[in-house]
Amino acid sequence: MSSGPESTKRESGGIRTACPYCGFKTLDDEASFCSRCGKPLHTAALLVRRRERVEWLEQIQEIGTAPSGAAPDARELMERMREDERLDQAEHAPADPSRPAYAQAERPAAGWRMALRRTRRQWLPPALALLIGCAGIAGVLARELRLNDRAEAWQQQASREALAGRYPQAEQLLERAAQVRPDGAGLLRDLDIARQARRLDDQVKEAARLLEGGRLEQAEGELRQVQAAMANRQERVFDPVRGRIGDEAARLAVKQVSQELDGLDSVAELADRLQRLRGLQDAGAAQLRQRILDLIVETGAAKAEALLRARDYSAALAAVAEAREHAGAVEPLKELEARIGRERENYERQEQQRLAAARQIAYDEQLRNRTAAVAVRSVKVGRDGEGRAVVTGEVESKATRGIHSVQLEYKLLDAEGRSVGTVTARTEPDVSIEPGGRASFRGVRTMPPGELTAVITKATWYIE
């Protein structure tokens, strides 16, 4: 076994090399032969040292120095490498004739140590290659990190552009990022969403162009398609498209309602169009709403005026109330409602007077029909061939309805004015006498001879 300071350091580190033949672990990993079986240990020592160097290099790459107590630090390792090179040079240097023979004789005895140190140089190229490879990997990693940062910056900028509704710019930024990171699943998904948003936004712009050209049906079809495509989209990227859809839908509603107004002639139809415009923030919607309100006032007032002329005051007030429900208590409607109320009061007062007069007339007519329905015209008293007294004449109807079966009772007086009897004269029973008409009557009574006069005492009749 080797001795000296280096051997002591190895032993203090606790590193032992197991013999590949008998398995005995020597106390010095730089021993050339096993202390038990005597077999050479060069191969085993070389493998152990190479493995140790590789572990050190990996530790140096990760943290700069080896863990405390496990291996020397990087500076010590480099010093050992330089020591190996000096020993190797000394081993191949020519013999010095000035040195004593015993000194030159000692070198072969120490040849096993030089041979082992020459083998230690064999791990130097792989270590350097490992360092170079690690440096290349670090460079690649640094480049990848720079590309990732750039792609992430483009992706964030694209998100801001998309949320602002600038979809073509967002799409271009995401395409650039996708060229750098073509395998980024999230990046490709964002690019697909941006493209969909841009296509929907283009459809909304096409609908706006159709609206400007007056092609309302085609514009409505475009907007309906976009609204259907947006039904299940909850991403914030589509918010600008939703806003533009609302703006164009408002413009479409305004244009449609404006075209329909000319054919409307009722408050209910106008109120329906007003409801369609409710909540729209378009600039033209406010003007159109005011126009519809004016039309509601005009239409309701015109209808109320017509009903007022027909003296249908209740319906006229209802028409005003319907207009006020949608247009509010505007001054024209308030004035019209007050006028209808005044005219209604005047009419009702006049109607009461008329009814009172009618009732009076009806009462008078009824009284006349009951008490003065007939007037006697040209009464004559004569004698028939048998000498009987005959009373004849005509009655005129003063009734307001037809009368029939008129019966007159007369008192007969002699020449001296004394009552000598009575006689009843009748009209024909089946003859109806209309108001203002006339009918003859006749009555016969046997009386003594002499001159007679007749005085009516009672009249009766039947009213139809």
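The values are calculated or read from the model by the stated rules, or taken from the named source; none is laboratory data. Being a predicted model, the structure only gives us computed values, none of them experimental. No Cβ is skipped: glycine too gets one built from the backbone with ideal geometry, and neighbour counts run over all protein chains shown. Surface accessibility is based on the protein's heavy atoms, side chains included, excluding ligands, DNA and RNA. Shrake-Rupley method; radii C 1.70, N 1.55, O 1.52, S 1.80 Å.
Can you give the three extents of the C-alpha atoms in the stretch 245-285 along their principal axes, from longest to shortest, in whole Å?
Extents along the principal axes: 31, 17, 14 Å.
Please calculate the 1.4 Å probe accessible area of THR446, with all protein chains present, and give it to the nearest 10 Å².
Its heavy atoms expose roughly 100 Å² to the probe.
Can you compute the FRET efficiency between ASN148 and ARG224 using 1/(1 + (r/R0)^6), with r the Cβ-Cβ distance and R0 = 45 Å? Round to the nearest 0.05.
About 0.60, to the nearest 0.05.
Once ligands and nucleic acids are excluded and a 1.4 Å probe is used, how much of HIS326 is accessible, expressed in Å² to the nearest 10?
Counting only protein heavy atoms, HIS326 exposes about 70 Å² to solvent.
What does the charge count around ARG176 come to, taking other residues whose C-beta lies under 13 Å from its C-beta (Lys +1, Arg +1, Asp -1, Glu -1)?
Numbers: positive: ARG150, ARG181; negative: GLU152, GLU161, GLU171, GLU175, ASP190.
Residues near ARG176 contribute -3 overall.
Note down the nm distance, to one decimal, between modelled labels 7 Å out along Cα→Cβ at SER314 and at SER432.
3.6
Describe numerically, in nm with one decimal, the distance between label points set 7 Å from Cα along Cα→Cβ at ASP183 and at LYS205.
Distance between the two pseudo-spin positions: 3.6 nm.
What accessible area, in Å² to the nearest ten, does a 1.4 Å probe give for GLU217?
150
How high is the FRET efficiency between ARG349 and ASP262 when r is their beta carbon distance and R₀ equals 35 Å, given to the nearest 0.05?
On the way: r = 43 Å, r/R0 = 1.22.
My answer for the efficiency is 0.25.
Summarise the accessible area of the stretch 165-246 (1.4 Å probe, protein heavy atoms) by the percent that is carbon and sulfur. Numbers along the way, then the final one.
Working: 2070 of 4590 Å².
The C+S portion of the solvent-accessible surface of the stretch 165-246 is 45 percent.
What distance in nm separates the simple spin-label points at GLU409 and GLU269, each placed 7 Å from Cα in the Cβ direction?
So the label points at GLU409 and GLU269 sit 7.5 nm apart.
Suppose R0 equals 41 Å; then what is the FRET efficiency for ARG215 and ARG176 from their Cβ-Cβ distance, rounded to the nearest 0.05? Intermediate values should be presented prior to the final figure.
Numbers: r = 38 Å, r/R0 = 0.93.
Given R0 = 41 Å and the Cβ-Cβ separation, E is 0.60.
Over the stretch 143-210, with a single point scatterer placed on each C-alpha, what log10 of the ratio I(q)/I(0) does the Debye formula yield at q = 0.26, 0.28 1/Å?
-1.05, -1.16
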